[in-house]
Amino acid sequence: MTAAVAVDLGKTGCRAVLWNGDDGGPQEIREVPGAPGLAAGNGVATARAAVLAAVLPLLEREPSPRPAAVCVGAAGAASAPEAARALAGLLLEDLPTEEVAVTSDAVTAHAGALGGDTGVVLAIGTGSVAIGIGDDGSYARVDGWGPWLGDEGSGAWIGAAGLRAALRAHDGRGPDTALLSAAVERFGDPDRLPLAVGRDGNPARTAASFAPDVARLAAAGDAAASTIVRDAATVLGEAVLAAARRIAGDALSVTVTGGLTGLGEPLLGPVRSALHGFPRPLRLRSPLGNPLDGARLLALDALAPHEPHVVRVRRAAPFFTVPTPPVTPPAIG
C-alpha cells in the first residue's frame, strides 16, 4: 500500500496521521491547535503553519516512508477555493511528496463516514455543515457559513447562545439560569466576557468550549440550556433534510460525525427524529470512519465521487532526495 498523510484541519484542532505504505496501518496521530479557517483573514498562512506543525514531526521519525500524497480537509475550503489552491501549492513546496490535495473538512468527513459512498453526512464540531452526494454525482452543501453567518447548531452556536443567555441573566434582561454560574466558572467576571472570548484570536473555538456546559445543564433540567440544545437539534435536522432534498437516490444513507456528537442523546435524539417522514427512505447508520480516514481515502483515490470538490496539485518533476555521501572513516596510524 502506498504511504499517505491525512490531515483534518479544523478551527479547534489540527490532526495528522501518516499511513505507512509497508503495513497499511496508521501510525501515531499528532494533534496541534487548529486555525480560524481558510476564508478568514490570513487564513492560508495560519492553515499552513498548523498543517506543518502537525505533519513535519511525523515525517521526521525514523524510519518513515516518503508519502506519495498528502490530503488536507480544511475548514473554510468550500467558501474559499482560491485559498484552498494556494494552500495546496505552498504545502507542495514544504513537504516531500508528489501530490497535495486540499478540500473541505466536511468533504473528508463525508468520505470517511460513508467509506467513499454517496449519501448525507452531518458534520458537527466547532462549526456545522451537511454534505450530500447523490448517486448521479449531484452535490449539496447546507450551511457551513462560518460563525457569523451560519454554522447553526454547531458547538460555537450552542456555546455562544449559552453565553448570551448567561449575560441576559446577568443584566436582568432574561430569566435566571445556571448558565451564568457556569460561564463565571469557565471564563471569570461576566463584565469581561467579551475580552475572554476573543482573547486567543479564535472566538468560535472559545465559544464552542462552553457547549458541553450547556449540554450538561440541559440534561440537569435548566430551562434556558434545554431550549438552546433543542433549537440546535432542530436546525441540524433541517440541514440534513435540505441536503437530502437536493441530491439523487432512491434511498439515502445518513450519518452524523464530529466532536459535537459527544454531547449525546440530548442533541442527537431530536436530530434522528427529524428524519422520519421524509419522502424517500433515509437510512441512519453509524460512521464507518472519521475525517482522517476520509482524507486518506481521497489522498489515494482520485476517482471517488468527491473528486469535483478536491483541489489537487502535483509536482512538475518527480521529487527526489539527494543521497547523503558516504563518510570515509579516518585512517588509523
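Every number in this text was worked out from the coordinates using simple rules, so none of it is lab data. The structure displayed is predicted, hence computed values, not measured ones. Note: ideal-geometry Cβ built from the backbone for every residue, glycine included; neighbour counts use all protein chains shown.
Looking at the chain, do any whole DSSP H helices span at least 30 angstrom along their long axis by alpha carbon and average -1.0 or above on Kyte-Doolittle, and which? Mind dumping the intermediate values first?
Numbers: long enough: 223-245 (33 Å, 0.97).
Flagged H segments are 223-245.
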Q. Under a Cβ-Cβ cut-off of 11 Å, what is the net charge of the residues other than Val17 that fall near it, where Lys and Arg count +1 and Asp and Glu count -1?
A. -1
Q | Residues Leu92, Leu292, sorted so that the one with the fewest Cβ neighbours within 10 Å comes first | A | Leu92, Leu292
Q: Above 21 angstrom, tally the Cα pairs of segment 119-284 and express them as a % of all pairs, no decimals.
A: 47 percent
**Q.** Among Gly132, Val235, Ala207 the positive-end extreme of the charge dipole of segment 119-284 (Cβ point charges)
**A.** Gly132
Q: Go ahead and set up a Gaussian network model of the chain, Cα springs under 10 Å, then flag whichever of Ala248, Ala225, Ala101 fluctuates most.
A: Ala248
Q. Where does the charge balance sit around Ile247 when Lys and Arg score +1, Asp and Glu -1, over other residues with C-beta under 9 Å from its C-beta?
A. 0
Q: Report the extension gain between Asp135 and Leu149 in nm, rounded to one decimal, defined as 0.36 nm multiplied by the number of residues separating them, less their alpha carbon distance.
A: 2.0 nm
Q: Using label points projected 7 Å from each Cα along Cα→Cβ, tell me how many nm separate Phe278 and Asp171, to one decimal.
A: 3.8 nm
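Could you line up Asp151, Asp191, Asp8, Asp231 from fewest to most neighbouring Cβ atoms inside 10 Å? Before the final figure, lay out the partial values.
Values: Asp151 25, Asp191 9, Asp8 29, Asp231 16.
The most exposed by this proxy come first: Asp191, Asp231, Asp151, Asp8.
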Q. With r defined as the distance between the Cβ atoms of Arg192 and Asp250 and R0 fixed at 56 Å, what FRET efficiency is calculated, to the nearest 0.05?
A. 0.55
Q | Calculated FRET value between Ala302 and Ala219, using beta carbons and R₀ = 51 Å, to 0.05 | A | 0.70
Q: Neighbouring Cβ atoms within 10 Å as the yardstick, rank Trp19, Trp157 fewest first.
A: Trp19, Trp157
Q. For the chain, what is the relative contact order in percent, using Cα pairs closer than 8 Å and at least 6 residues apart in sequence?
A. 22 percent
Q) Could the peptides 172-178, 31-37, 216-222 be put in order, highest first, of the mean number of other beta-carbon atoms found within 10 Å of their residues? A) 31-37, 216-222, 172-178
**Q.** Value of D in µm² per second that Stokes-Einstein yields for the chain, Kirkwood Rh from Cα pairs, at 4 °C (1.567 mPa s)
**A.** 62 µm²/s
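By DSSP, what percent of the beta bridges with both residues in segment 119-284 are antiparallel, rounded to the nearest 5? Walk me through the numbers before you get to the answer.
Values: 11 of 18 bridges.
Antiparallel bridges: around 60 percent, rounded to the nearest 5.
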(Q) Explain nothing, just the number: dipole magnitude of the chain about its Cα centre with +1 on each Lys and Arg Cβ and -1 on each Asp and Glu Cβ, in debye rounded to the nearest 20. (A) 340 debye
Q. With Cβ to Cβ distances under 15 Å as the rule, what net charge do the other residues near Asp117 carry (K, R +1; D, E -1)?
A. -4
